[in-house]
Amino acid sequence: MPVRPSPRSPTLLAALLAALLAGCGGSAPPAAERPPDVLLLVIDTLRADRLGSYGYPQPTSPRLDALAAAGVRFENAVAPSTWTKPSMAALFSGRYPSELGLAGSETTELEKTTAVLPAGVELLAERFARGGYRTLAVLNQIHLDPRWGFARGFEHYRRLDHYDAFGLNSELRELLVAGDDRPVFAWLHYFDVHWPYMRQVRGLPDDLFGPRELAVSPRISMHEIVERMRADPDRELAARLSNRYDAEVRYADEAAGAMLDFLERTGRLANTIVVVTADHGEQFLEHGEFGHGNLPYDEEARIPLLVLAPQRFGFAAGVRRTPANLLDVGPTLLELAGLAADPTARGRSLAAALSGEESLDGAAVTQTDRAWAARGARHKLLQFTEGRREFYELAADPGEHDDRAAAGCTGPCAALADFLEQLAGRLESGAGASSGVELTAAETERLRSLGYL
């Protein structure tokens, strides 16, 4: 297991990053220039509202806040699902989880087999590889094992259980410095913010985020916590676990800053598109549940989406309100790299929004086996499988507690309901259910240690 370096002080790169974003107009790089490198940094389980740039008052994210200030921050970005596998499958395929046979919850996917991405679906890394890119993946996430199909298109795919974010950084640095002159598409996936919030809390002052001591064993499983919360919601325990979660966010933020420092020191940052996002969030009883893989309320569905691009793209720094989905990340990166997108993908490029051409009329969709949610810039609708609806006006009710659908679903509510109905009709002829692969004994034990089984 790699040794964790001492946490760095948050030396901000705001001035440098701002300079990289000066100018205006443009999306795809001029043909005569070297194609941009791409770093896709996914921080597992990171909900948007736990970053300072999204309004959180605690000091969880000084490095990512500097990135957000110098780049583009999407205010209304969501994950396609509330757990890892379907969300990341949607990102890399540009298709909704239901089209991939992955719309179920974690418990339905984690019996003795686990679903594999359909072989006939082309993935983002395959398009970058065909476009002449070196394709690198360094991650710690059991749901993203190569056998499930996520390694397709990657020249190097390292899934490293038990590695923290700094250890993953080291592995990616090793691959980058040992490479050739081809442009790089790199996927770095941190796991530190994920349950059980045990890895890095010791390195922070006890009073930084509030009390973190637990009256229960710190090794209690996620399932035990969920069952305890269902039987008797313990808000004091949830608050202390939330404080531990904040400490993990701070640690991941320091690691992200260290990776940016490396790119800057080696001269790579000036020609690298950096995207920072997450696969889903985490709930702490805001809607009566704990963890993730539950319903698509914002604490689980809304994610950060930060983009930093080289100066030649001319994207003005600032906030974009255009609804965005992880399905849109692939088409966006392909357009910025000057590569052709998959014409069958559901996602759309956000290059126009990056250039300042906002579109506030659409909605971004999150799917679970219990409800689908359509989130626009102003409103959000949850359509439950049993037929009922919940509708929220986000500006007045960002916590989604005042259900306006109870008084009737008209106006924007009806428009979002119609949008979801039409989308469901279009998705009926999707790729269908995937085949399964048997879990090994080690994988089963790893899932049990993380509280899944």
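Every number here is computed from the coordinates shown, using simple stated rules; none is lab data. Since this is a predicted model, take the numbers as computed values, not measurements. Glycine also receives a Cβ, built like all others from the backbone with ideal geometry; neighbour counts cover every protein chain displayed.
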Residues of the stretch 247-266 with the amide nitrogen closer than 15 Å to a label point 7 Å from the Cα of residue 208, along Cα-to-Cβ, please.
247-258
Per-peptide average of other Cβ atoms within 10 Å, ordering 236-245, 365-374, 46-55 highest first:
365-374, 46-55, 236-245
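Extension gain residue 49-residue 441, at 0.36 nm per residue separation less the Cα-Cα distance, in nm? Write down the numbers at each step before the final one.
Details: separation 392, 0.36 × 392 = 141.12 nm, distance 3.69 nm.
Extra length from residue 49 to residue 441 when fully extended: 137.4 nm.
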Efficiency by 1/(1 + (r/R0)^6): what FRET value for residue 261 and residue 357, r their Cβ-Cβ distance, R0 = 41 Å, to the nearest 0.05?
0.80
Around residue 320, what is the net charge, scoring Lys/Arg as +1 and Asp/Glu as -1 over all other residues with Cβ under 12 Å from its Cβ?
-2
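Rank by packing, highest mean first: peptides 250-261, 282-293, with packing defined as the count of other Cβ atoms within 10 Å averaged across residues.
Values: 250-261: 24.0, 282-293: 20.7.
Highest-to-lowest ranking by the protection proxy: 250-261, 282-293.
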Identify, among 353, 64, 79, the residue whose Cα sits farthest towards the positive end of the charge dipole of the stretch 23-449, taking +1 on the Cβ of Lys and Arg and -1 on the Cβ of Asp and Glu, with the dipole about the Cα centre.
353
By per-residue mean of other Cβ atoms within 10 Å, what is the highest-first order of 158-168, 375-385, 77-87?
77-87, 375-385, 158-168
Each residue of the stretch 228-237 in order: what ³J(HN,Hα) in whole Hz does its phi give by Karplus 6.51 cos²θ - 1.76 cosθ + 1.60, θ = phi - 60°, with x for Gly and Pro?
4, 5, 5, 6, 7, x, 9, 6, 5, 5
Modelled label-to-label distance, residue 223 and residue 319, 7 Å Cα→beta-carbon offset: nm?
4.2
From the C-alpha gyration tensor of the stretch 47-166, pull out the three semi-axes of the equivalent ellipsoid (sqrt of 5λ each), sorted largest to smallest, in whole Å.
27, 19, 16
Could I have the simple spin-label model distance between residue 174 and residue 397, label points 7 Å from Cα toward Cβ, reported in nm to one decimal?
5.2
How many nm is it between the label spots at residue 126 and residue 235, if each spot is 7 Å from the Cα in line with the beta carbon?
5.0
Can you compute the label reach from residue 424? Point 7 Å from Cα along the Cβ direction, backbone N cut-off under 14 Å, restricted to the stretch 283-316.
none
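Report the Stokes-Einstein translational diffusion coefficient (µm² s⁻¹, integer) for the stretch 23-449, Rh taken as the Kirkwood radius over Cα pairs, at 20 °C with viscosity 1.002 mPa s. Could you put the intermediate results ahead of the total?
Working: Rh = 21.8 Å.
For the chosen part, D equals 98 µm²/s.
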